[in-house]
Amino acid sequence: MTDTALPALTDPAVVTIDLHRGHLDPPVATLPLPADDSAALMERVVPMLAAFRALGVPVVHLVTAYRDRQEILSNPYWALQSGRPGSTRTAIAEHNLIGLPGLELMPGVLAEGDVVIDTKKRYDCFVGTDLEFVLRSMGRRTLLIAGVNTNSCVLATTVAASVRDFSVVVLDDAVASMMGAGAHEAALGILGASFATVAPSAEVLAAMT
């Protein structure tokens, strides 16, 4: 059963995960969400981020970036999926290589004062990045999670944040998956049952005003 009660929302920060063109801009995306899903997500996320900033909540963006294909293919699961017909990750070996347009955050996502961490290489945003250092140095204790994909990077990062004793809220209208509604809802169910509060951004914003 999912506990939908909001936590205290003490010292919050918004953490966005991979809101970049590599997932959300269909003409250049290597691992794309459906175009309609991408557009709808951006229509929700951009004003949501502005609303949190207006309340003084800092925003931290995580962006996946790889030097070369080997940094990707050294993961056995990704190597298995690379080039595999029918796999949602068939183009994983070309995803967000440095120098490609996929690394750019989507229009409207980044604002002055935001923090960008562009050393993410695995689903868990804490692995190989200074995300925890940034959050601790800012005195943040509650993480408000947005981004893609719900069933991979959002899932892994939320679990990692929870076991580091952050309070975590997954904003259910600000996350989405390239694997569709089934994977999205399954991930939210797991997270809400064991690791985080799952709630719409409007409810969180209302609780902070």
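The values are calculated or read from the model by the stated rules, or taken from the named source; none is laboratory data. Given the structure is predicted, the values throughout are model-derived calculations rather than measurements. Here the Cβ positions follow ideal geometry from the backbone for every residue, glycine too, while neighbour counts run over all protein chains shown.
Out of V204, V154, V198, report the one residue that is touching a strand residue (DSSP E or B) at 6+ places or on another chain (Cβ under 7 Å) and assigned to a strand (DSSP E or B).
V198
The rows are residues; the columns are (1) basic (K, R); (2) surrounded by fewer than 21 Cβ atoms within 10 Å (Cβ to Cβ).
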{"position": "F133", "(1), (2)": "no, yes"}
{"position": "S137", "(1), (2)": "no, yes"}
{"position": "V148", "(1), (2)": "no, no"}
{"position": "R164", "(1), (2)": "yes, yes"}
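On the basis of being out of contact with any Ser or Thr (no Cβ under 8 Å at 6 or more places or on another chain), at pLDDT 95 or above, of a type in the set (D, E, K, R) and over 25 Å from A196 (Cα atoms), does D68 make the cut?
yes
Say whether the condition of being aliphatic (A, V, I, L, M), more than 16 Å from V170 (Cβ to Cβ), out of contact with any Asp or Glu (no Cβ under 8 Å at 6 or more places or on another chain) and surrounded by 22 or more Cβ atoms within 10 Å (Cβ to Cβ) is met by at least one residue in the stretch 47-70.
Looking for residues that are aliphatic (A, V, I, L, M), more than 16 Å from V170 (Cβ to Cβ), out of contact with any Asp or Glu (no Cβ under 8 Å at 6 or more places or on another chain) and surrounded by 22 or more Cβ atoms within 10 Å (Cβ to Cβ), one finds none in the stretch 47-70, hence no.
Select from the stretch 118-174 the residues that are in contact (Cβ under 8 Å) with a residue 40 or more places away in the chain and among the charged types (D, E, K, R) and list them in ascending order.
The answer is D118, K120, K121, R122, R140, R141, D173.
Could you check the stretch 189-204 and list, in sequence order, the residues that are within 16 Å of the chain's Cα centre (by Cα) and either under 17 Å from T16 (Cβ atoms) or basic (K, R) (or both)?
Once the filter is applied, which keeps residues that are within 16 Å of the chain's Cα centre (by Cα) and either under 17 Å from T16 (Cβ atoms) or basic (K, R) (or both), the stretch 189-204 yields L191, A196, V198, A199, P200, S201.
I'd like the residue in the stretch 148-185 that is of a type in the set (V, I, T) and touching a Leu at 6+ places or on another chain (Cβ under 6 Å) and, out of all such residues, is farthest from L205 (Cα to Cα).
T158
What pairs come out if I take residues in the stretch 13-29 that are touching a residue at least 12 places away in the same chain (Cβ under 8 Å) and farther than 18 Å from D172 by Cβ and pair them with residues that are of a type in the set (D, E, K, R) and in a helix (DSSP H, G or I) whose C-beta lies under 9 Å away, six or more apart or interchain?
What qualifies is V28/R21; A29/R21.
Please find, within the stretch 173-194, the residue that is surrounded by the fewest Cβ atoms within 10 Å (Cβ to Cβ) out of those that are in contact with a His (Cβ under 9 Å, 6 or more places away or on another chain) and either of a type in the set (A, V, I, L, M) or not in a loop (DSSP other than H, G, I, E, B) (or both).
M178
Every residue in the stretch 93-133 that is among the β-branched types (V, I, T) and either out of contact with any strand residue (DSSP E or B) (no Cβ under 6 Å at 6 or more places or on another chain) or assigned to a loop (DSSP other than H, G, I, E, B) (or both), please.
Matches in the stretch 93-133: I98, V109, T119, V127, T129.
Being among the β-branched types (V, I, T) and under 10 Å from the mean Cα position of the chain (by Cα) is the filter here; which residues of the stretch 153-182 pass it?
V154, T157, T158, V170, V175
Can you tell me which residues in the stretch 12-31 are crowded, with 18+ Cβ neighbours inside 10 Å and either under 13 Å from L103 (Cα atoms) or among the aromatic types (F, W, Y) (or both)?
I17, D18, L19, H20, R21, G22, H23, L24, D25, A29, T30, L31
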